[in-house]
1. Once both labels are modelled 7 Å past Cα along the beta-carbon direction, what's the ASN262-ILE230 spacing in nm?
2. What is the local net charge at ALA147, summed over the other residues whose Cβ is closer than 14 Å to its Cβ (Lys, Arg +1; Asp, Glu -1)?
3. Would you mind checking the pairs LYS165/LYS212; LYS120/LYS238; LYS120/LYS165; LYS165/LYS263; LYS238/LYS263 and listing those with alpha carbons more than 31 angstrom apart?
4. Pulled fully out, how much extra length does the chain show between ILE196 and ALA118, if you take 0.36 nm times their separation in residues and subtract their Cα-Cα distance?
5. What part of the accessible area of the stretch 125-246, given as a whole %, is carbon or sulfur when the probe is 1.4 angstrom?
6. Between ILE80 and ILE251, what FRET efficiency comes out of the Förster formula 1/(1 + (r/R0)^6) with R0 = 45 Å and r the beta carbon distance, rounded to 0.05?
7. Assuming 0.890 mPa s and 25 °C, estimate D for the stretch 115-266 with Stokes-Einstein, Rh taken as the Kirkwood radius over Cα pairs, in µm²/s.
8. Mind listing the phi-derived Karplus ³J(HN,Hα) values for the stretch 161-173, rounded to whole Hz, using 6.51, -1.76 and 1.60 with θ = phi - 60°, and x for any glycine or proline?
Amino acid sequence: MKRFFSILVIATIMVFGAVNVNATNNVNALPTTMMNFVQDEDQAASEEMEEESEGFHQELKRRFIEGGPGFMGIVLLCLILGLAIAIERIIYLNMSTTNTKRLAQDVEDALNTGGIEAAKEVCRNTKGPVASIYYQGLDRADESTEAAEKAVIAYGGVQMGQLEKNVSWVSLFIALAPMLGFMGTVIGMIDAFDKIEAAGDMQPSLVAGGIKIALLTTVFGLIVAIILQIFYNYIIAKIDRIVNDMEDASITLIDMLVAYKNKRRV
């Protein structure tokens, strides 16, 4: 009987030992399995994103070619020229933006300490239309306040023209792109009806190509117009902000000149 219990105890220990070894091996293998699973998922997701990106570019290229090189090329040219002009205007307007309050304070300090020439030197060292307007007004300050005011108004109109230079071309391309798209639509529909007339039968395969070209040219024309319209509105808002700063600065300059002359008389 003792021998039987001894054998039973030994067998139990061996069974539990084997179970613990298997459990340990499974636990050790679990992180590796999870890591491999996560890596496979990440690789699959990245491959799927690459396929979607390539698929989008290929689809866009295919649709562009299907739209026809004639009208689609002209619409693309409108987009390229419109973006080139818009980017040039945005860079110019950003360079023309100045801190008007700081400039006015510097001009006033120079005017009170060093006179007209010191104030003009501050304007020479500052970029932007506001500084140019200040310089023109200060240059006529020795004549009279009215002459300085007229110079500021006249030169303000010149600076406004510089700010709005070539902006009308962007609005032209905004109007031209959808019009070209609609023209492609009309031509595509005419081509479809010509095929129906020549075949003497209304078959979907005859008109599908013409209708597809018509729709594609319209879509691309509208897309170009939307993109350019966003840039155009930003440019107009930027110009309005700069013009408002110019008007406020002009009033401030005249007030400074009046105060400076009154101070000299006293």
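The values are calculated or read from the model by the stated rules, or taken from the named source; none is laboratory data. Nothing here was measured: the structure is a model prediction, and the numbers come from that model. Every residue, glycine as well, gets a Cβ built from its backbone with ideal geometry; the counts of neighbours run over all protein chains shown. Heavy atoms of the whole protein, side chains included, go into the accessibility calculation; ligands, DNA and RNA do not. Shrake-Rupley method; radii C 1.70, N 1.55, O 1.52, S 1.80 Å.
1. 5.1 nm
2. -2
3. The pairs that break the limit, which is 31 Å between Cα atoms, are LYS165/LYS212; LYS165/LYS263; LYS238/LYS263.
4. 20.0 nm
5. Exposed carbon and sulfur together represent 64 percent of the surface.
6. 0.60
7. 124 µm²/s
8. With coefficients 6.51, -1.76 and 1.60, one gets x, 5, 5, 8, 4, 6, 5, 5, 5, 5, 5, 5, 5 Hz.
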